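Just below is one structure, and these are the notes that go with it.
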Amino acid sequence: MKGKLIIILIAISVILSGCNSSDEKVIKIAQQYGLAYAPLELSKELGLIEKYLPDYEIQWKQIMNTATIREGMLSSDLDIGFMGIPPFLIGVDNEMGWRIFRGLSEAPVGMTINTNKVTTLDDFDANHKIALPQPGSIQHILLSMFMEKNKGQADALDDYLISMAHPDGQIALLSASEVSAHFSSPPYIFEELKDDNIKLLIDGKDAFGGEFTFIVGVVKENFKNDEVIVGINKGIDEAVEMIKTNPEKVAELMAPVYGLDEETTLLYLTNKDMDYSNEVKGVDRFSEFMFINGYLEENVLEEDVFYEK
């Protein structure tokens, strides 16, 4: 309750300050790591959002996790963020004034393990850490869903979590140093599974029980600028269309971003489970699970979370 009150007071102070970067013609957009964000990377590379918003300056910020995005949006250091549905719902539950304005991608996510350290869920103890972006991330909630379904206890592995950006988690898993498992997404999960000692233990879709949107776009509730939202959507939609119709060109542009060769980047971008779309799937399912298992104080309804013009 004390933490919630602090967040509410900060949010009120931001609103009252009248500090909105749209007034300054500067739009600050946060993204995280991985191929799920490819339309954003392509938009940035080709200036697609600027194409539709020529009177605005677009500033991009690479962020490690959604906690940092949440703090940035509260302080008006950010206007737009991209993240998984669960951390968005946690923000809503804590009176965070933000709304979903689009989907971005579905992706094959899951938990890989280094078999030199563990081979089954029963092997995990205090000596075996699981790397993921942060507690409350979509990776954490998918892990909890899997544990509830298969072990009857959603938080059974919560004591073994360690927060790491995906690139660091990949390195730690492959080296069998700090972690025994990594709950991640492309390209990191694809790269990890090339190693003979790494295997997939938990599939995200199986954990969820079907398809879900991996990344959604979020805007501050008091950011009332439909022109900007429309322009951002047009730029991202053009990037999505390019990925679908000319993936070879996109792979050429994106390979240096992800530190991969063009052939591998093309293979990953066109993976059958990579789907770039503005559709949003899974809000109610995530919310119900998180409420029942104590990650949310209230069940957040899908009908209440979308940006309205």
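Dividing the convex hull volume of the alpha carbon atoms of the chain by its residue count, what do you get in Å³ per residue? Intermediate values should be presented prior to the final figure.
Working: hull volume 37.5 nm³, N = 309.
So the per-residue Cα hull volume is 121 Å³.
With just the Cα atoms of region 110-208, tell me how far they stretch along each of the three principal axes, in Å, largest first.
31, 25, 21
Pull up all non-local amide H partners of Lys224: gap of 5 or more, or a different chain, and H-to-H distance under 5 Å with H placed in the peptide plane.
Amide H neighbours of Lys224, under 5 Å, 5+ apart: none.
For the pairs Lys51/Lys194; Lys51/Lys272; Lys224/Lys272; Lys129/Lys205, flag any whose C-alpha to C-alpha distance is greater than 32 Å.
On the way: Lys51/Lys194 39 Å; Lys51/Lys272 30 Å; Lys224/Lys272 37 Å; Lys129/Lys205 22 Å.
Long pairs (Cα-Cα over 32 Å): Lys51/Lys194; Lys224/Lys272.
List the residues of region 65-98 whose backbone N lies under 17 Å from a point placed 7 Å from the Cα of Glu288 along the Cα-to-Cβ direction.
Residues 86 fall inside that zone.
What aspartates and glutamates sit close enough to Lys309 to cross-link, taking a C-alpha to C-alpha distance under 14 Å and skipping anything fewer than 8 places away on the same chain?
Those aspartates and glutamates meeting the cut-off are Glu221, Asp226, Glu227.
Multiply the residue separation of Glu227 and Phe306 by 0.36 nm, subtract the distance between their alpha-carbon atoms, and state the gained length in nm to one decimal. Mind dumping the intermediate values first?
Details: separation 79, 0.36 × 79 = 28.44 nm, distance 1.66 nm.
Computed gain between Glu227 and Phe306 is 26.8 nm.
I'd like the Karplus ³J(HN,Hα) series for region 300-309: coefficients 6.51, -1.76, 1.60, θ = phi - 60°, whole numbers in Hz, and an x wherever there's a Gly or Pro.
Along region 300-309, the couplings run 7, 8, 4, 5, 9, 10, 9, 5, 10, 6 Hz.
Taking the DSSP beta bridges in region 110-208 as the whole, what percent of them are antiparallel, to the nearest 5?
Details: 9 of 14 bridges.
Within region 110-208, antiparallel bridges account for around 65 percent of the total.
Rounded to the nearest 500, what is the chain's calculated 222 nm mean residue ellipticity when only DSSP H runs of at least 4 contribute -39500 (n - 2.57) each, over all residues? Mind dumping the intermediate values first?
Numbers: 13 runs with 132 residues, N = 309.
Result for the chain, helices only: -12500 deg cm²/dmol.
Given the pairs Lys25/Lys281; Lys149/Lys281; Lys61/Lys234; Lys220/Lys244; Lys25/Lys61, which are separated by over 28 angstrom at their Cα positions?
Working: Lys25/Lys281 32 Å; Lys149/Lys281 20 Å; Lys61/Lys234 20 Å; Lys220/Lys244 30 Å; Lys25/Lys61 17 Å.
Checking Cα-Cα distances, Lys25/Lys281; Lys220/Lys244 exceed 28 Å.
No lab work stands behind these numbers, since they all come straight from the coordinates. All of these numbers come straight from a predicted model, not from anything done at the bench. Don't worry about glycine lacking a Cβ; one is built from the backbone with ideal geometry, like all the others, and counts go over all protein chains shown.
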